[in-house]
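What follows is one structure encoded as structure tokens, with my remarks underneath.
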Amino acid sequence: MAPSKRSRSPFKKLRSHVVAVVLGVVLTLIGMYQLPPRFLPQSLATGEIRTQAIQVDDTVSEQVAQVPTPTTTQNFVASAVDRVGPAVVRIDTERVVTREFGQNPFSNDPFFRQFFGDQFSQQFPQQREFRQRGQGSGFIVDGTGIVLTNAHVVSGADTVTVNLRDGRTFQGEVKGADETLDLAVVKIEGDDLPVAPLGNSERVKVGDWAIAVGNPLGLDNTVTLGIVSTLNRSSSQVGIPDKRIDFIQTDAAINPGNSGGPLLNERGEVIGINTAIRADAEGIGFAIPIDAAKEIQGRLSRGEAIPHPFIGIRMATLTPDIAKEINSDPNSGFQVPEVDGILVIGVAPGSPAATGGIRRGDVVTKIDGDDVTSAEEVQRIVERSEINEPLEFTIVRGDNTQQLSIRPGELQEVMGG
């Protein structure tokens, strides 16, 4: 016999009530989770929402999902700065500069010299001394107190003061500097010094995160974020042909005062040394790869000079199309072979290139039997060579191909210091 509608109605009503209660609890909890903490009860505002169960007739049970307790997660930039920040220093420098002023306009006047003699000119000194102050950044790379920075930060300084983020101040001694690579080592004496972990710039890729830390424009402990824009940006491309650096280029802001500070990867490892070298640069900065600093850090710490092979030519990358343009210009002054290679624009008198027979207008096509296709490539080959060890240059001069042996000299000797 089928049950009557009246006999089923109490059960239906009970089930409807259970569903309504469960739904109401869920909606209430969701609403509480969305409200700002100040509108919640104390136990809920602290995240203490516990699992609840509703049971009806010992048979029906529904469980409400637990709401997670809000937590704060530190981002990778903050983690990187926490790791390296204590080892980043501000470097204050001071040097005495003597300036000469124009001659006293009355010192040669016979009228004044008649009454005052030579003492008249002595009352108006022709030279004055000024104290010139500078500021840059650096970072500690060894617990014994070895600080890396740019050479131009400490160049010519009479006093060097190193300031740590924790408030400690030390007098620094410049142990060694290399102007060509713009690197310097400063030594301080202290205990429990923080050390910055060094990364590997060979592993850096375009698009990697780049974090610059330093003291730009006198604003201590400043952090900027960007990416690696490009690698192996030559110093000649940057506009400083007297340097021998292939830079890491980044869009992380690097300003005066950042010089010598670290460029970090996302793990908080130093991948470069920031250098503010282009006053007109907007939106780009440059850093010396840390691997270049690793190679010479020990020698600079011992006060050793870093040799830089030099042959003494100004050059430009040449292609057949560029050669045709030069040859078709009546004002160019000479004809060049229409080949791929490196055009010699000028040769320094008395340089190894001049001694070896290279002339203006020659085109270098090979070095030690290997093709060369860019001026930057030639620069790198020369930089990796040995002083006075011959390099075999293949050149095209007019319609002739010649072999010339060039023995690199020492850049500092050629430049006179």
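The values are calculated or read from the model by the stated rules, or taken from the named source; none is laboratory data. Just so it is clear, the structure is predicted and the values come from calculations on it, not from any experiment. All Cβ positions, glycine included, derive from the backbone under ideal geometry; neighbour counts span all protein chains shown. Note: accessible area is taken over every heavy atom of the protein model, side chains too, but ligands, DNA and RNA are not part of it. Shrake-Rupley method; radii C 1.70, N 1.55, O 1.52, S 1.80 Å.
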Q: Can you confirm whether the range 338-358 contains a residue that is part of a loop (DSSP other than H, G, I, E, B), under 18 Å from Arg397 (Cα atoms), out of contact with any strand residue (DSSP E or B) (no Cβ under 8 Å at 6 or more places or on another chain) and in contact (Cβ under 8 Å) with a residue 60 or more places away in the chain?
A: no
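Determine which member of the set Ser229, Ser234 is in contact with an Asp or Glu (Cβ under 7 Å, 6 or more places away or on another chain) and open to solvent by less than 20 Å² (accessible area, probe 1.4 Å).
None of the others qualify; the one that does is Ser234.
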Q. Out of (1) polar (S, T, N, Q); (2) at pLDDT 90 or above; (3) over 12 Å from the mean Cα position of the chain (by Cα), what's the single condition that is false for Thr224?
A. (3)
Q. For the range 76-91, which residues satisfy the criterion of being open to solvent by 10 Å² or more (accessible area, probe 1.4 Å) and either in contact with a Leu (Cβ under 8 Å, 6 or more places away or on another chain) or assigned to a helix (DSSP H, G or I) (or both)?
A. Phe76, Val77, Ala78, Ser79, Val81, Asp82, Arg83, Pro86
Q. Of these, Ile326, Ile387, Ile381, which one is of a type in the set (Val, Ile, Thr), out of contact with any Ser or Thr (no Cβ under 9 Å at 6 or more places or on another chain) and part of a helix (DSSP H, G or I)?
A. Ile381
Q: Could you list all residues from the range 379-405 that are open to solvent by less than 60 Å² (accessible area, probe 1.4 Å) and within 24 Å of Asn232 (Cβ to Cβ)?
A: Ile381, Val382, Glu383, Ser385, Leu391, Phe393
Q.
Looking at the structure I just gave you, is Ile306 in contact with a Lys or Arg (Cβ under 9 Å, 6 or more places away or on another chain), aliphatic (A, V, I, L, M) and closer than 20 Å to Leu181 by Cβ?
A. yes
Q. Which condition does Leu148 not pass, out of (1) at pLDDT below 90; (2) open to solvent by less than 40 Å² (accessible area, probe 1.4 Å); (3) in a strand (DSSP E or B); (4) of a type in the set (A, V, I, L, M, F, W, C), if it passes all the others?
A. (1)
Q.
Condition first: under 33 Å from the mean Cα position of the chain (by Cα), in a loop (DSSP other than H, G, I, E, B) and either of a type in the set (A, V, I, L, M) or buried (at least 19 other Cβ atoms within 10 Å of the Cβ) (or both). Now tell me which residues in the range 359-378 satisfy that.
A. Val372
Q. Given Glu304, Glu266, which one is acidic (Asp, Glu) and within 17 Å of Gly199 (Cα to Cα)?
A. Glu266
Q | Checking Asp192 against (1) more than 12 Å from the chain's Cα centre (by Cα); (2) surrounded by fewer than 16 Cβ atoms within 10 Å (Cβ to Cβ); (3) part of a strand (DSSP E or B), the condition it does not meet | A | (3)
Q. What pairs can you find where one residue is in the range 226-244 and more than 11 Å from Val204 (Cα to Cα) and part of a helix (DSSP H, G or I), the other is modelled with pLDDT of 75 or more and open to solvent by 30 Å² or more (accessible area, probe 1.4 Å), and their Cβ atoms are less than 8 Å apart, with a gap of 6+ or different chains?
A. Ser235/Lys243; Ser235/Arg244; Ser235/Asp246; Ser236/Glu376; Ser236/Gln379; Gln237/Glu376
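Let's see how each residue does on (1) in contact with a strand residue (DSSP E or B) (Cβ under 7 Å, 6 or more places away or on another chain); (2) over 18 Å from Gly136 (Cα atoms); (3) open to solvent by 10 Å² or more (accessible area, probe 1.4 Å):
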{"position": "Ala252", "(1), (2), (3)": "yes, no, no"}
{"position": "Gly268", "(1), (2), (3)": "no, yes, no"}
{"position": "Gly272", "(1), (2), (3)": "yes, no, no"}
{"position": "Asp280", "(1), (2), (3)": "no, yes, yes"}
{"position": "Gly283", "(1), (2), (3)": "no, yes, yes"}
Q. Only one residue in Arg244, Arg314 is among the basic types (Lys, Arg), within 30 Å of Leu343 (Cβ to Cβ) and buried (at least 20 other Cβ atoms within 10 Å of the Cβ). Which one?
A. Arg244
Q: Kindly check whether there is at least one residue in the range 325-342 that is closer than 17 Å to Gln402 by Cβ, surrounded by 12 or more Cβ atoms within 10 Å (Cβ to Cβ), of a type in the set (Ser, Thr, Tyr) and more than 33 Å from the chain's Cα centre (by Cα).
A: no
**Q.** Single residue of the range 164-189 satisfying the filter (touching a Ser or Thr at 6+ places or on another chain (Cβ under 8 Å), among the β-branched types (Val, Ile, Thr) and open to solvent by less than 50 Å² (accessible area, probe 1.4 Å)) that is nearest to Val270 (Cα to Cα)
**A.** Val185
